[in-house]
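Engineer: Before I ask anything, here is the structure I am working with.
Coordinate-derived values only; no laboratory data. These numbers come from a predicted model, not from an experiment. With ideal geometry, Cβ positions are generated from the backbone for all residues, glycine too; neighbour counts draw on all protein chains shown.
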């Protein structure tokens, strides 16, 4: 039990403790969320309430803490639990707690994003896209069940939740046109994803095995991989996405530790054919993360992460198998999360079946793709210990024309 006045079913209780970067005025600190409060970890380490090898002292981002690795991560997590459950610490901790709805409090990008890789690991999503875009061919390409397909994104345009998304411009080839046109995207879409945040890096030329996943990945964020489908359709052959993706990727402000998701482990889908040796896992599992996509205050989809064909451990092994190395702050996203039902799809491309079946929103208006002023909020929860719920927060963005 915590000495804080929290409801017993609070998804941000002491069983969660996601990390963030937050600020007031000209100051910014590293924080941990508990309930609707954020605990100033920078101040806590300065005051001697916890020891993290100075990873929080004077810091505004969680970069140094990420680099410390699992031993320090777990020691700090245990200490935070003590500080928030043992009444003798209350007088020292309370001055370091700030209400999230307090005047002027802002949530910032929690870490410096190193490399950014986006996978394509939902069989349901990949098959839907294949049926929509290549109706005369098999839904999945021949390589899809043999390796986790991905593209290397642009880390510099990863932004924190709440940042406005400017409608991208680029080339597209409208139906029936003989030559491409330049202009704003008219088929702006979302992709609801889960992102994995890397802590300690790895050595150049030394692949990271699936069994080393927990030694390198600290936790997860929610990701919206905004996608301009008309720009993407014209540019992606033969080298894949570029301008149709690179204009913005939004992430949630909370980095939820993998240790908070232990109760959310779930059996991963069976893989057929068998994968190559470097992709095998001794104990293969995924996470029962339940996403929700809200379009202008209307819930339009609830994608289930547990159906993802490729696990985060396999993705990590694959992105390093060629000798590429990890750096602290690297972010790799799951790819669009989609389940078997239309109301479980993680993109509007699928939800509206390529724009042919409009969605009706709560106000009676209809949509196929995003209009200026539209707001999308992706949120998620997962099972926690003893029947509790773990909140992953939300990633939100509103579309504007530049």
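Engineer: Rank these for me by crowding, 308, 1, going from fewest to most other beta carbons within 10 Å.
Structural biologist: 1, 308
Engineer: Turning to a different aspect of this structure: Quick check: from the Cα gyration tensor, does the range 134-207 come out rounded (a/c under 1.5), prolate or oblate?
Structural biologist: Oblate, since a/c reaches 1.5 and b/c is not below a/b.
Engineer: Rounded, prolate or oblate: which one fits the range 102-230, using the alpha carbon gyration tensor with axes a ≥ b ≥ c (rounded when a/c is under 1.5, else prolate when a/b beats b/c, else oblate)?
Structural biologist: oblate
Engineer: Follow-up question, since we're still on this one. Is the range 17-57 best put as rounded, prolate or oblate by its Cα gyration tensor, with a ≥ b ≥ c the root eigenvalues, rounded for a/c under 1.5, and otherwise prolate when a/b is larger than b/c, oblate when not?
Structural biologist: Because a/c hits 1.5 or more and a/b fails to exceed b/c, the range 17-57 counts as oblate.
Engineer: Sort 318-324, 392-398 by packing, meaning the average of other beta carbons within 10 Å per residue, with the highest value first.
Structural biologist: 392-398, 318-324
Engineer: Right, something else. Binning every alpha carbon pair distance of the range 1-123 at 10 Å from zero, what are the percents per bin?
Structural biologist: Here the calculated profile for the range 1-123 is 12, 43, 32, 10, 2, 0.
Engineer: Can you tell me how much longer the chain between residue 363 and residue 297 gets when fully stretched, taken as 0.36 nm per residue apart minus their C-alpha distance, in nm with one decimal?
Structural biologist: The span from residue 363 to residue 297 would gain 22.9 nm if fully extended.
Engineer: Which percent, nearest 5, of DSSP beta bridges in the chain are antiparallel?
Structural biologist: Of those bridges, close to 90 percent are antiparallel.
Engineer: At a Förster radius of 56 Å, what calculated FRET efficiency corresponds to the Cβ-Cβ distance of residue 36 and residue 173, to the nearest 0.05?
Structural biologist: About 0.70, to the nearest 0.05.
Engineer: Over the chain, what is the relative contact order in whole percent, taking alpha-carbon pairs under 8 Å and six or more residues apart?
Structural biologist: For the chain, the relative contact order is 21 percent.
Engineer: So if R0 is 30 Å, what FRET efficiency would residue 101 and residue 154 give, r being the distance between their Cβ atoms, rounded to the nearest 0.05?
Structural biologist: So the FRET efficiency works out to roughly 0.35.
Engineer: Output the relative contact order of the range 19-108, whole-number percent, from Cα pairs under 8 angstrom with separation of 6+ residues.
Structural biologist: The value is 36 percent.
Engineer: Under 13 Å from a point placed 7 Å out from the Cα of residue 343 along the Cα-to-Cβ direction: which residues of the range 272-307 have their backbone N that close?
Structural biologist: Only 293, 299-303 pass the distance filter.
Engineer: Would you mind checking the radius of gyration and Dmax of the range 116-400 based on alpha-carbon positions, in Å?
Structural biologist: 18.3, 61
Engineer: Determine, for 249, 157, the number of other Cβ atoms within 10 Å of each Cβ, and report the residues in order from fewest to most.
Structural biologist: 157, 249
Engineer: Report the label-to-label distance for residue 375 and residue 145 in nanometres (one decimal), using points 7 Å from each Cα along the Cα→Cβ vector.
Structural biologist: 4.3 nm
Engineer: Share of antiparallel DSSP beta bridges in the range 112-254, in percent to the nearest 5?
Structural biologist: Counting only bridges with both partners in the range 112-254, antiparallel ones make up about 85 percent.
Engineer: A follow-up question, please. In deg cm²/dmol, rounded to 500, what helix-only [θ] at 222 nm does the chain give when every DSSP H run of at least 4 residues adds -39500 (n - 2.57) and the total is split over its residues?
Structural biologist: Per the formula, -4500 deg cm²/dmol.
Engineer: Provide 258, 105 in ascending order of the number of other Cβ atoms located within 10 Å of each residue's Cβ, fewest first.
Structural biologist: Arranged by neighbour count, lowest to highest, 258, 105 become 105, 258.
Engineer: I would also like to ask the following. Of 147, 326, 188, which is the most mobile in a GNM of the chain whose springs link Cα atoms less than 10 angstrom apart?
Structural biologist: Maximum among the listed residues: 147.
Engineer: Please give the length that would be gained between residue 236 and residue 79 if that part of the chain were fully extended, namely 0.36 nm times their separation in residues minus their C-alpha to C-alpha distance (nm, one decimal).
Structural biologist: Here the answer is 51.7 nm.
Engineer: How high is the FRET efficiency from residue 182 to residue 86, r the C-beta distance, R0 60 Å, rounded to 0.05?
Structural biologist: Rounded to the nearest 0.05, the efficiency is 0.45.
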